[in-house]
Amino acid sequence: MTFEKGLPFWKQIVLQALALLVAFTVMFPILWIVSMSLDPRNFSRPTELTLIPPGASFDAYLKVMDKPTANPVTFTELALNQLKLAGGVSLFAVAVGILAAYSFSRFDFRGRRSLMLTVITVLMLPSIASIAPLFVLLNRASFSDPESGRIIFNLRNSLWGVGLALTSGQLPFAIWNLKGYLDTIPRELEEAARIDGASPNQLFFLIILPLATPALAVTAFLSFLSGWTEFAISWQFLNQPKDFTLAMSLYNMTGPFSSDVPWSKFAAMALLVAAPVAVVYLLAQRWIVSGLTIGSVK
């Protein structure tokens with residue numbers, strides 16, 4: 001333990017105890033899930049916590065990696081579907097968001113204020129409220145075999161449709177988050193580069209984008225997190241097992257009663273679903289943390 005100078009000893013003890021309490025509150029559920037995933041007894045109701053349960057094994061992980069549910073789809077296929085969805089949403093939200101944010105931040109055009117109000121209005125609308133109109137709209141985009149009349153492709157019942165729906169929900173946040181940061185970049189930098197002969201494209205790609213890296217990292221990570229944990233839209237739109245995601249399969253492991261849930265497999269699946277997000281955060285932690293603190297001391 002390290003104590004900060006200048007604080008009375010009793011205050012330091014209270015703060016350290018409070019920090020330990022917060023750490024215990026955060027770590028206790030994680031330890032319980034890890035212990036449950038290693039427990040081969042598969043209780044109908046998890047009521048005890050044993051850090052190393054008797055007969056601990058990785059059988060639950062092996063079963064989940066082979067075939068999580070009764071659906072004919074493997075964990076690898078589910079993970080690839082989820083990665084495509086989360087990665088696509090993150091990529092398009094950042095790519096389109098930075099262009100729109102730069103336009104709002106640097107250009108004064110007719111209808112600018114109205115468009116900004118429209119974007120923030122959409123941002124305040126709960127994403128779950130748009131499921132019905134999105135379902136109807138995307139369901140109309142389908143291709144049929146002219147001879148048999150059988151539907152070959154339906155945008156609603158595909159990862160493309162789910163990704164499009166998620167991207168439309170992430171764009172307002174991406175635009176406003178990036179615009180707020182671009183407003184803090186001094187215009188004098190662009191003016192100096194313009195005097196040196198830089199073109200508009202060079203201004204954007206060589207000056208604005210490198211300076212906006214922290215904000216881009218935050219936006220990309222939060223969009224990735226939204227796509228990785230998304231469940232409601234996928235559950236309503238998709239009905240082909242080959243397009244199912246990890247979140248959908250995790251829900252499929254539950255039953256009407258707690259005794260019907262394979263708790264060891266469920267815990268193992270939950271940890272495997274959460275691991276990639278933690279890895280992405282650790283890899284981009286430097287930019288994410290700096291992006292979250294942007295403007296705090298400005």
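Within segment 183-202, restricting attention to residues that are in contact with a helix residue (DSSP H, G or I) (Cβ under 8 Å, 6 or more places away or on another chain) and part of a loop (DSSP other than H, G, I, E, B), the residue that is farthest from residue 214 (Cα to Cα) is 198. Looking only at residues in segment 27-82 that are more than 21 Å from residue 260 (Cα to Cα) and among the hydroxyl-bearing types (Ser, Thr, Tyr), the one that is modelled with the lowest pLDDT is 50.
Go over the candidates 134, 125, 164 one by one and state the one that is farther than 20 Å from residue 221 by Cα and buried (at least 16 other Cβ atoms within 10 Å of the Cβ). Exactly one of 134, 125, 164 is farther than 20 Å from residue 221 by Cα and buried (at least 16 other Cβ atoms within 10 Å of the Cβ), namely 134.
Looking at the structure I just gave you, is residue 152 in contact with an Asp or Glu (Cβ under 8 Å, 6 or more places away or on another chain) and more than 26 Å from residue 228 (Cα to Cα)? The answer is yes for residue 152.
Considering only segment 1-12, state which residues are of a type outside the set (S, T, N, Q), modelled with pLDDT of 70 or more and touching a Phe, Trp or Tyr at 6+ places or on another chain (Cβ under 9 Å). Matches in segment 1-12: 9 only. At least 2 residues being at pLDDT below 90 and among the hydrophobic types (A, V, I, L, M, F, W, C) is the threshold, and among the helices (runs of 4 or more DSSP H) wholly inside segment 230-298 those reaching it are 263-283, 285-292.
The values are calculated or read from the model by the stated rules, or taken from the named source; none is laboratory data. Predicted model only: the values in this text are computed from it and were never measured. Glycine gets a Cβ as well: all are built from the backbone with ideal geometry, and neighbour counts include every protein chain shown.
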